[in-house]
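A quick write-up on the structure given underneath.
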Amino acid sequence: MKLKVFVFTVVLSIALCMPLWAQTYYVSSSVGADSNDGLTQSTPLMSATKVNSLNLVPGDRVLFKCGDTWRVETLVITKSGTEANPITYSSYPEGCQDKPVFSGSRAISGWEPHSGNIYVADLAKGNNTGAFPKGINQLFRNGKRLSIGRWPNIGEADNGYSTIDAAPDLKTITDNELPAADWTNAVVHIKGMRWYMINREVTGSSGTTLSLAVDTECWYGCKGWGYFINSHMATLDKDGEWFYDSASNKVYLYSTTGSPADGDMEGSVVVEDDARFMGAIVLGLHLKTHI
């Protein structure tokens, strides 16, 4: 996920006093250093963490270098200006086209053949080591988000849903169209009503029958309900489909163009604290923005 930085200002409803002078802080991930003062383009700061620690006052500006990217860093805005003297976040040099980017993803390298058109990258090895502490939840190829593998595919069967033919008990479903595979550890998504899904992990499979970890709780039984399966190797059959195996910390990709080159693929980083905030711009409480 990538967020482009555009000009915006942050204002408190309660007016603050204007300082004798305002500062402009420059920030660059490519040539900056957090030991710099950040007050000139030749001495820029480097990280969002350093920017978060600045004691900004009304009239201050924070400018991020065009063409630079901040990966898995979060800009947290808590300081406010006034209506007349806002705190402004923008970019430099003025008028650039390649706006700075806050990205929650990192490059995945070390892709190797697995079987057929499926390739695998170990997130615990090589340049990937330590970059994905809790795995990934999105995969990008040359900036385009790819689809997680699923069965049936979108456009097949009932637009990507198969039908449960029988439900012998609350933890078992049967589908006569289910492809032959060991579906253990896959996730089944059962379409109840229009506004909710029932998600259950598969603990075992035999022929066309799936055993589930938790009761389905389908209203009046699951027979006739639609469902699809993902989070499993057997779902990979279209170019760009992928699957992350948390047990082995490996990513699998179906590619009809061969093994991805280093840098072609990026994974959205999951962290233990709160993955929603990685590579983002977060506004503190009671702040108003003017875009």
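The values are calculated or read from the model by the stated rules, or taken from the named source; none is laboratory data. Model, not experiment: these values are computed from the prediction. Using ideal geometry, Cβ is built from the backbone for each residue, glycine included, and neighbour counts are taken over all protein chains shown. The protein model used for the area step is the full one, side chains on, heavy atoms only, and it has no ligands, DNA or RNA in it. Shrake-Rupley method; radii C 1.70, N 1.55, O 1.52, S 1.80 Å.
See the values below:
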quantity	calculated
Residue count, segment 251-271 (criterion: on the phi < 0 side of the Ramachandran plot and in a loop (DSSP other than H, G, I, E, B))	10
Among residues of segment 208-243, those that are touching a residue at least 60 places away in the same chain (Cβ under 8 Å) and either under 21 Å from ASP158 (Cβ atoms) or open to solvent by less than 30 Å² (accessible area, probe 1.4 Å) (or both), counted	18
Looking only at segment 126-170, and only at residues there that are farther than 14 Å from TRP242 by Cβ and charged (D, E, K, R), the one that is least open to solvent (accessible area, probe 1.4 Å)	ASP165
Residues of segment 122-142 satisfying the condition of being assigned to a loop (DSSP other than H, G, I, E, B) and without any contact (Cβ under 8 Å) to a residue 40 or more places away in the chain	LYS125, THR129, GLY130
Output for segment 22-39, where each listed residue is open to solvent by less than 60 Å² (accessible area, probe 1.4 Å) and in a loop (DSSP other than H, G, I, E, B)	ALA22, SER28, SER29, GLY32, ALA33, ASP34, ASN36, GLY38
All positions within segment 171-204 that are polar (S, T, N, Q), assigned to a strand (DSSP E or B) and open to solvent by 40 Å² or more (accessible area, probe 1.4 Å)	ASN199, THR203
Residue ID - least open to solvent (accessible area, probe 1.4 Å), chosen from residues in segment 40-55 that are β-branched (Val, Ile, Thr) and outside any loop (DSSP other than H, G, I, E, B)	VAL51
Residue check for GLY81: farther than 30 Å from GLU241 by Cβ, assigned by the TED database to the domain that holds SER29 and in contact with an Asp or Glu (Cβ under 9 Å, 6 or more places away or on another chain)	yes
